[in-house]
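K.L.:
Attaching a single structure in structure tokens format; questions to follow.
The values are calculated or read from the model by the stated rules, or taken from the named source; none is laboratory data. All values reported here derive from a predicted model rather than from experimental measurement. Neighbour counts are summed over all protein chains in view; Cβ atoms, including those assigned to glycine, are modelled from backbone coordinates with ideal geometry. SASA here: full protein model, heavy atoms, side chains in, ligands and nucleic acids out. Shrake-Rupley method; radii C 1.70, N 1.55, O 1.52, S 1.80 Å.
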Amino acid sequence: MTTTDHPEPASSAVPLHCLRFAEAGPPRLAALPGGAPAWLVSRHADVRQVLSDPRFGRALLYAADAPALSDVPDLVNSPDLMFNQDGADHLRLRRTLRGAFTPRAVARWRPWIADIVAELLDRLDGRERPADLVAEFTLPLPVAVISRLMGLDETARSRLRHWSEHAFSDGSHSGEEVESVLKEFGVFGADLLAERRRTPGDDLISGLVAAADAEGGVPEAQLVSLVCGLVVGGHDSTMTMLGNALLYLLGERPEVWSRLGADEEAAGRVADRIVHLIPLGDDRGSTRRASADVEVGGVTIPAGAVVLADCGMANRDPEVFPPHTLHDLFAPLEAPTLSFGAGAHYCLGVWLARTELQLALHGLAARFPGLRLENPVDTVVWRTGTTSRSPRSLRVSW
């Protein structure tokens, strides 16, 4: 496989841990998937600058003169989504979730997350072999966690994948179908907010409602998008990370499996390193738009320009992450990974995702030390989304 400026497309069916990236370098002109010009930023320091500098924003990507980012409507590109807000609007929304996903909060949840892991492993142990890890573990774990956190009933749980597949559409659904499902999803989000205003509980949605009402000035449409984003984003990314991690570990790195089961702390370091190395999908990076002329890495990026901050390339910058430790799964990261972003839009769910991955990897390896894939890595059928790709199934025996 030749080294390219960006990962190969999903149609090539290359496992995400096998993607090759060009060497990081100075900012240069590139192009968006639709052909519109953009600046590619790839060095670790430059990517951190773009993601942290308020002059590079998300909201401007949805201005009337901005190039189209997608041909099909999806939740990711909704201007009402918190991730697509900047400045005061973004801070107002983010403050409604202040304290919700902190390390202290996630530490309180850890025991019952561990209980969910154990329950799923018990169920898996009773299945006929080969069993499907995706159906039995990588999907139901994050669905159960986010459902408990948000107080979702069984009806909502059963619709999560349907909403996710349309909210993060990969283009296989028509625009009309996606719009219809997103409208249905929006009604669900609005009804959920109204219900928690009437009868608040101790779930995240009730806390969000109380914080938003205390904050004041938060448009209801943005709150609905926030709820919907939490519902589907809160499980989809973790499912994707876990599925790709297990494909890599069982298919390419079986020598680390026994240590994962014996040492929970080591499993945490492996989780960190895997998130750093394996992207969520084939997307080139996090997109921003400049509101002013800004110098990045000795190059002036003009106002109005679209910028692709390539986190995958930045995470392999040899000036920051030495090549000799890059694939040492038990080595602590030499610097913060950019897989969760940086700056004002840094992912709120970092600690929750890391905890789920750590407990899942440790629990699986401890319970099933002989776990093995039944099919070759290169035969995986992929589930694709707007920004993610992961195995549709992982047939295993033990």
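K.L.:
Could you please tell me which pairs satisfy a Cβ distance under 8 Å, a separation of 6+ or placement on different chains, a first residue in region 118-141 that is within 15 Å of E356 (Cβ to Cβ), and a second residue that is aromatic (F, W, Y)?
P.N.:
As it stands, the answer is L120/F137; L121/F137; L121/F368, since those pairs meet every condition given.
K.L.:
Follow-up. Do the conditions hold for R316, that is, is it closer than 22 Å to W109 by Cβ, in contact (Cβ under 8 Å) with a residue 40 or more places away in the chain and not small (G, A, S)?
P.N.:
Here the answer is no, as R316 does not meet what is asked.
K.L.:
What about L280, is it under 30 Å from G87 (Cα atoms) and modelled with pLDDT of 95 or more?
P.N.:
On the way: under 30 Å from G87 (Cα atoms): yes; modelled with pLDDT of 95 or more: no.
Here the answer is no, as L280 does not meet what is asked.
K.L.:
How many residues, within region 120-163, are more than 23 Å from V209 (Cα to Cα), assigned to a helix (DSSP H, G or I) and open to solvent by 20 Å² or more (accessible area, probe 1.4 Å)?
P.N.:
Qualifying residue count, region 120-163: 9.
K.L.:
May I pose another question? Going residue by residue through region 159-175, is there one that turns out to be of a type in the set (A, V, I, L, M), touching a residue at least 24 places away in the same chain (Cβ under 8 Å) and farther than 17 Å from N77 by Cβ?
P.N.:
yes
K.L.:
Restricting to region 324-370, count the residues that are in a loop (DSSP other than H, G, I, E, B) and either within 17 Å of P254 (Cβ to Cβ) or touching an Asp or Glu at 6+ places or on another chain (Cβ under 8 Å) (or both).
P.N.:
Taking region 324-370 as the starting set, the residues that turn out to be in a loop (DSSP other than H, G, I, E, B) are 324-342, 346-349, 368-370.
Pick out the ones that are also either within 17 Å of P254 (Cβ to Cβ) or touching an Asp or Glu at 6+ places or on another chain (Cβ under 8 Å) (or both) and you get 325, 327-330, 332-333, 337, 368-370.
Going through region 324-370 one residue at a time, the tally reaches 11.
K.L.:
If H44 satisfies all but one of (1) modelled with pLDDT of 90 or more; (2) open to solvent by 60 Å² or more (accessible area, probe 1.4 Å), what's the number of the condition it fails?
P.N.:
Only one criterion in (1) modelled with pLDDT of 90 or more; (2) open to solvent by 60 Å² or more (accessible area, probe 1.4 Å) is unmet by H44, namely (2).
K.L.:
Of the residues in region 164-203, how many are buried (at least 16 other Cβ atoms within 10 Å of the Cβ) and either within 21 Å of the chain's Cα centre (by Cα) or not charged (D, E, K, R) (or both)?
P.N.:
Within region 164-203, residues that are buried (at least 16 other Cβ atoms within 10 Å of the Cβ) and either within 21 Å of the chain's Cα centre (by Cα) or not charged (D, E, K, R) (or both) number 18.
K.L.:
Separate question: Given the conditions (1) assigned to a loop (DSSP other than H, G, I, E, B); (2) under 21 Å from G243 (Cβ atoms); (3) at pLDDT 95 or above, report the number of the one that V396 does not fulfil.
P.N.:
Looking at each condition in turn, V396 falls short on (1).
K.L.:
If only one of S206, S225 is surrounded by 22 or more Cβ atoms within 10 Å (Cβ to Cβ) and under 30 Å from V187 (Cβ atoms), which one is it?
P.N.:
S225
K.L.:
Still on this structure, I have one more. Give region 60-113 a look and list any residue that's more than 19 Å from the chain's Cα centre (by Cα), of a type in the set (D, E) and either at pLDDT below 85 or surrounded by fewer than 14 Cβ atoms within 10 Å (Cβ to Cβ) (or both), or say none.
P.N.:
Result: D65, D71.
K.L.:
Output the residue which, of all residues in region 340-383 that are of a type in the set (S, T, Y) and more than 13 Å from the chain's Cα centre (by Cα), is nearest to L133 (Cα to Cα).
P.N.:
T379
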